[in-house]
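To start, the structure under review is shown below, and the notes come after it.
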Amino acid sequence: MKQLGLRTRLTLVFSLVFAGILVLIIGGSYRILKFRLDENLRQELRERVAGLRGYLHFQDGKPQFEYDADDPDEAFFVESSTHYYQIFDAATGGLVDQSHDLDLLDPDIIPEKKQALASGNVFSDAESGTIRLRFYNELIHAPDGKSYFLQVGVRRDFMDATLKQFLFIGVFALLAGLTVASIASWWMAGRALQPVNLLTQAAKEIGISDLDRRLPLRGTGDELDRLSATFNEMFARLAKAIGEMKQFTASIPHELRTPLTALRGETEVMLLEPHPVHEYKRLLASHLEEYDRLTRLINRLLTLARAEAGDIPMHTISIDLAQLTRYLVEQLETVASAKEVSLSVEAKEPVKITADHDWLETAILDLLDNAIKYTPAGGRVLASVENRGTEQILEIRDTGIGIPEDALPHIFERFYREDPSRNGGNEGAGLGLSLVRWIVEQHHGRIEVKSEPGKGSSFTIRLPSTPS
Ligand code: ADP
């Protein structure tokens, strides 16, 4: 089933809540009003009956109201209070007296009324023709020893009409209130959601090609402004990621075509005329090196593409970072001494981490390789490992050419490399550091770089310690 729109749902919820509150208020008021009117009627009946009892006398079994006919108050009271009354003989149930305005009511009622009186329920409702009455019922013991059952009634038309009117006004108020509330909440929900619609429209218009556009901020700092700001941050991240991807795809053909063209050119030149065997050998040896370089490049590209797709699982084991670093430094000693760079390691105590051995080795080798590559003869490279409690640190410091400040934020981007003329014609593909960063992130670590052109660089990997 199709979900209702947010505006409709908001309107419905608001209207229902409002209707609920109105029903509670009207229902509550109705009950209070009914109780008060009831109570008034009962009080009036109690007073009338108490008053009448003073005037009621029995002579030879006949009830009579004796009062001073000259006293208009007394006369009025007795006459108005005996409009609706009847008296039965409690023993026989026979009607003894009845007012003119009352048809006989409940002739068989006496035993029940007696019971009701015994349980303290002295009030009852009855209808006489079109008139609705409330009665006060009382058992009277006359001085002659007989018992009589007295019923005095008052009309409850006023109370019923008042309640009916109140109910009518209540229902009308409910309907009117509901209509107004629905219209108001529809309007309010529309107003509140208007910025969301504008956001939706603006977000729809932002495509892959114009990720530099941003959603408008209204400057209110409310939830919607924060939502727009979050979207804008997301667009910025997307733009950066897509920019990197574009650069990545644009660089691949270049990275592959250039060496292939060079290889082909050299081969063509060689084939133009016969050469001595040692020259063919030299060419093939240099081609072998180039094939190796290309294979490494393609492997890295594949690794990065798989890493991007989240295809590479990490097989973590407990590793001594100090031991691994010492081993890798040993492996590279010949490369360093060939370049007349002194390579040393400072890693005395074991430093335990949980990591994927092969990937960590790749990262450390890349950093050491860069440090040696970008350090001129006579320079120094130092790898140090340190246990700092919650994190383990590997720092690779060199006294090489350093990295200019404006290049620092970019060196971890794919295919980023500096002008080869500055670094002595070193021709990397600019993929190493982005792979290193990916490896470190896979181990929940961070990599930082500090560098001063002409003085040297320092790369620091911070890895979380193995939980004990
Ligand atoms: P490359 O294969 O070109 O070395 P990297 O991703 O490993 O690619 O490095 C990117 C760039 O960072 C390099 O081109 C180089 O300019 C700079 N760089 C990396 N390590 C160092 C270092 N130890 N000293 C100076 N520059 C460095």
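Points to keep in mind about this one:
- Any pair with Cβ under 9 angstrom, 6 or more apart, that starts in the range 378-403 at a residue that is without any contact (Cβ under 8 Å) to a residue 12 or more places away in the chain and ends at one that is more than 14 Å from the ligand (Cβ to nearest atom) and open to solvent by less than 70 Å² (accessible area, probe 1.4 Å): 388/462; 388/465
- Condition broken by residue 92, with the remaining ones in (1) assigned to a loop (DSSP other than H, G, I, E, B); (2) open to solvent by less than 20 Å² (accessible area, probe 1.4 Å); (3) hydroxyl-bearing (Ser, Thr, Tyr) satisfied: (2)
- Members of the range 309-330 that are loosely packed, with under 13 Cβ neighbours inside 10 Å, free of Cβ contacts under 8 Å to residues at least 24 places away in the same chain and not hydrophobic (A, V, I, L, M, F, W, C): 310, 311, 313, 330
- Scanning the range 208-229 for residues that are assigned to a loop (DSSP other than H, G, I, E, B) and not charged (D, E, K, R) yields 211, 215, 216, 217, 219, 220, 221.
- All conditions in (1) away from the ligand (no atom under 11 Å from the Cβ); (2) in contact (Cβ under 8 Å) with a residue 24 or more places away in the chain hold for residue 373, with the sole exception of (1).
- Residues satisfying the stated conditions in the range 136-146, i.e. out of contact with any Lys or Arg (no Cβ under 9 Å at 6 or more places or on another chain) and in contact (Cβ under 8 Å) with a residue 24 or more places away in the chain: 142, 143, 144, 146
- Of the residues making up the range 41-60, one or more are in contact (Cβ under 8 Å) with a residue 24 or more places away in the chain and within 60 Å of the chain's Cα centre (by Cα).
- Whichever residue in the range 435-468 is of a type in the set (S, T, N, Q) and buried (at least 20 other Cβ atoms within 10 Å of the Cβ) and, among such residues, is farthest from the ligand (Cβ to nearest atom): 451
- The sole residue among 149, 135 that is surrounded by 13 or more Cβ atoms within 10 Å (Cβ to Cβ), touching an Asp or Glu at 6+ places or on another chain (Cβ under 9 Å), modelled with pLDDT of 85 or more and within 26 Å of residue 50 (Cβ to Cβ) is 135.
- Condition check for residue 378: more than 11 Å from the ligand (Cβ to nearest atom), modelled with pLDDT under 90 and either among the small types (Gly, Ala, Ser) or touching a Phe, Trp or Tyr at 6+ places or on another chain (Cβ under 8 Å) (or both): no
- Residue among 282, 306, 264, 326 that is of a type in the set (D, E, K, R) and at pLDDT below 90: 306
The values are calculated or read from the model by the stated rules, or taken from the named source; none is laboratory data. Keep in mind it's a predicted model, so treat the numbers as computed, not measured. Neighbour counts are summed over all protein chains in view; Cβ atoms, including those assigned to glycine, are modelled from backbone coordinates with ideal geometry. To get the accessible areas, we keep the full protein, side chains included, count just its heavy atoms, and leave off ligands, DNA and RNA. Shrake-Rupley method; radii C 1.70, N 1.55, O 1.52, S 1.80 Å.
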